[in-house]
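One structure is given below, encoded as structure tokens.
Just so it is clear, none of the values below were taken in a lab; they were calculated from the coordinates. What you are looking at is a predicted structure, and each value in this text was computed from that prediction instead of being measured. Every residue, glycine as well, gets a Cβ built from its backbone with ideal geometry; the counts of neighbours run over all protein chains shown.
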Amino acid sequence: MKYFSKGKRGRIYLIKNMAMKKSLPRHIKNEVKFLKILNKHNIGPKLISSGKNHFKYRFVKGKFILDYLNESNKVKIKKVLVKILKQCRI
């Protein structure tokens, strides 16, 4: 298990192609609830498992959105933002 980042309410660790978030049980319960809802619509990282103070999900490799916006052209940026907004609408 390798430390990856600190989120708003917990720490994120990498385990091969999975990520594990550790936090307080009340935060984990809430995040798992919403990940399950999003996963039904094929949105967000796939939830693998959850426990009292952690959950595991498939780690999605890629660039952070701000880095992508700074490095890409307007046409690509528009396509990505439209896809993101469609997911938000769902």
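Some notes on this structure:
- In this structure, Tyr13 does not satisfy being of a type in the set (Ser, Thr, Tyr) and surrounded by fewer than 10 Cβ atoms within 10 Å (Cβ to Cβ).
- Selection from segment 68-83 of residues that are of a type in the set (D, E, K, R) and touching a helix residue (DSSP H, G or I) at 6+ places or on another chain (Cβ under 9 Å): Lys76
- The set of residues in segment 42-61 being assigned to a loop (DSSP other than H, G, I, E, B) and either in contact with a helix residue (DSSP H, G or I) (Cβ under 8 Å, 6 or more places away or on another chain) or surrounded by 10 or more Cβ atoms within 10 Å (Cβ to Cβ) (or both) consists of Ile43, Gly44, Pro45, Lys46, Gly51, Lys52, Asn53, Phe59, Val60.
- The listed residue being over 13 Å from the mean Cα position of the chain (by Cα), in a strand (DSSP E or B) and without any contact (Cβ under 8 Å) to a residue 60 or more places away in the chain, out of Lys22, Lys79, Lys33: Lys22
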